[in-house]
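Asks: Sharing a structure here in C-alpha cells format.
Every number here is computed from the coordinates shown, using simple stated rules; none is lab data. Not measured: the values here are computed from a predicted model. Don't worry about glycine lacking a Cβ; one is built from the backbone with ideal geometry, like all the others, and counts go over all protein chains shown.
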Amino acid sequence: MTNSNFYQKVYDVVSQIPEGNVTTYGTIAKYLSSPQSSRMVGWALNKSPEDVPAHRVVNRIGMLSGKIHFSGINLMQQLLENEGIIVENNQIIDFENLFWDPKKELN
DNA sequence: CTGTTGACTGTCG
DNA sequence: GCGACAGCCAACA
C-alpha cells in the first residue's frame, strides 16, 4: 500500500472476503483507521467496481442495508444465498457465524 | 463556496 | 428493547 487510499483499501479488503462469509462497514472502517468512517466505506462501495463483492458487506446487525443500491431488489440476497448464506427479511441468518474479521484473518 | 445527503455506528433517554 | 441524536468525512447540487 504505497498510498493510504481509503477507497482502495476498502476495495482490497472487501475483495478478500471469502465466499460464504460477510463483514460490516464499521469493521472495515475500524480496520482501516477509525470506526466513524463507516459511512465512507458505504460511499466507497457505492462507487465500487464490479470486482468488489459489495453484497458481502452489510451493516452491524447483518441487515442488507445496501440492497436498495443493487440493480434488483433481491439481487443482493440472491447473491448471498448463492454463496450459501441464509438471508431472511433482508437480514442474514447466523450472521455472527458467517462474520469475517479482516483484522483477524488478514492480521 | 455553502448546505445537504449518505450502503453507519455508538450512546443516551 | 426501541427511538432519537450526534459524529464522522466525502461527494454532489
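Asks: What per residue convex hull volume, in Å³, do the alpha-carbon atoms of chain A yield?
Replies: Values: hull volume 10.0 nm³, N = 107.
It is 93 Å³ per residue.
Asks: Right, another one. Expected output is a single nm value to one decimal: the length gained when fully extending between A:E83 and A:M63, i.e. 0.36 nm times separation in residues minus the C-alpha distance. What is it? Spell out each step's value before the answer.
Replies: Numbers: separation 20, 0.36 × 20 = 7.20 nm, distance 1.63 nm.
The span from A:E83 to A:M63 would gain 5.6 nm if fully extended.
Asks: For the charge dipole of the stretch A:1-85, defined by +1 on Lys and Arg C-beta atoms and -1 on Asp and Glu C-beta atoms about the Cα centroid, which residue among A:Y7, A:P53, A:G20 has the Cα displaced farthest towards the positive pole?
Replies: A:Y7
Asks: Within chain A, which is the longest segment containing none of the GluC sites (Glu not before Pro) that sit in a DSSP loop and have at most 12 other Cβ atoms within 10 Å?
Replies: Result, exposed sites excluded: A:51-107.
Asks: With runs of 4+ DSSP H residues as the only contributors, calculate the mean residue ellipticity of chain A at 222 nm using -39,500 (n - 2.57) per run, divided by the residue total and rounded to the nearest 500.
Replies: Working: 6 runs with 43 residues, N = 107.
After summing the helix terms and dividing by residue count, I get -10000 deg cm²/dmol.
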